[in-house]
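Worksheet: one structure, shown below.
Readers should treat all values here as calculations from the given coordinates under stated rules, not as data from a laboratory. If you're wondering where the values come from, they're calculated on a predicted model, not measured in any experiment. Glycine gets a Cβ as well: all are built from the backbone with ideal geometry, and neighbour counts include every protein chain shown.
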Amino acid sequence: MKQFAIAIHGGAGTIVRSTLSRETEMSYKKGLEETLLAGDKILSAGGTSIDAVETAVKKLEDNPLFNAGRGAVFTNDGKNELDASIMNGKNLMAGAVTGINNIKNPISLARNVMENSEHVFLSGLGAMAFAEKMKLEFAPDEYFFVQERYDQLIEAKENDQIILDHSGKPKPQFHFPGSKKGTVGAVALDVHGNLAAATSTGGMTNKKFGRVGDSPIIGAGTYANNATCAVSCTGHGEFFIRSVVAYDISCLMEYKGLSLKEACDMVVNQKLVKIGGEGGLIAIDAKGNIEMPFNSEGMYRAMRTSGGEIFTGIFKEEN
Ligand code: ASP
């Protein structure tokens, strides 16, 4: 049987057991497992990695526990501004969108940019006009309203802070475990030997001036190339952009002959740490090896290889 494999993430940050109730932990793990299985089902039936990563990310976007789509954080002016990107390792085609509102599944818009336009990256009103043309589903502001996210904005504004969704201090009064869930993403290898990656996010709470993080930037937050690997990142976007993280991992494999594990370790645990870039990523190579490194306290993550055991993890000690 040909190998197939999938990995997903729901954000990295200061996630420690003491701030996460058993019940909340279970809700996250359930969300991760359902998502993983949705992508895995496509792959086990001989479907493509690009379909698998889009389906997985859509499911995470629909889940208000995660900072993407429905559960997106709020901008300074009380809006949800969404970013997403997707890449196909088979032909190096890519699509991305930034600064969009009211699109139910930004990842599907990114895929439309990749497949139905001659462009790679669309922003704001133009991207939304394209979404209309592609007949994508829009959702009203209420759909994106999550009280805890709004409370995070109020607090961030009071302290004049721009908060990375998963790296705030613990606020046990919230149903959600404080500010500790971020961006979502998926990477996959299909039985045809093709790799794909997808990432979607609401960005950072209280962001302003049209701030854009790494998630919709091909090469920074997302990258896929059959010759090397597929990568989806989560963490403090400014550092990930400056380190061109996803492409750097691919380059270390392509030009220096490093293994996926060695490349991930060098970028996440050495290069990013050196400049203070908190976060992590999921990555897969053409043989179906998966790495899920993070230099933060935890990362919501899950993986499965060729119908084998399902792994879901949140904390460091679960590795
Ligand atoms: N990387 C995302 C950004 O900077 C945030 C995250 O991963 O939570 O927008």
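A few remarks follow.
- Over the chain, DSSP H runs of length four or greater, each weighted -39,500 (n - 2.57), average out per residue to a 222 nm ellipticity of -9500 deg cm²/dmol.
- Once the Cα-Cα distance is subtracted from the 0.36 nm per residue extended length, the K41 to K208 segment shows a gain of 56.2 nm.
- Alpha-carbon centroids, segment 259-312 and segment 18-40: separation in whole Å: 18 Å
- The HN-Hα couplings worked out from phi for segment 196-212 by the Karplus form 6.51 cos²θ - 1.76 cosθ + 1.60 (θ = phi - 60°) are 8, 9, 8, 9, 8, 7, x, x, 10, 4, 6, 5, 9, 6, x, 3, 10 Hz, whole numbers, x standing for Gly and Pro.
- Seen from a random direction on average, the alpha-carbon convex hull of the chain projects onto 14.7 square nanometres.
- Ranked by the mean number of other Cβ atoms within 10 Å of their residues, highest first, the peptides 54-64, 271-281, 222-232 come out as 222-232, 54-64, 271-281.
- Packing order of peptides 95-102, 149-156, highest average first: 95-102, 149-156 (average count of other Cβ atoms within 10 Å over each peptide's residues).
- For segment 208-282, a crude dipole built from +1 on the beta carbon of Lys and Arg and -1 on the beta carbon of Asp and Glu, taken about the Cα centre, is about 180 debye to the nearest 20.
- In nm, spacing of pseudo-spin labels at L92 and S117 (7 Å Cα→C-beta vector): 2.1 nm
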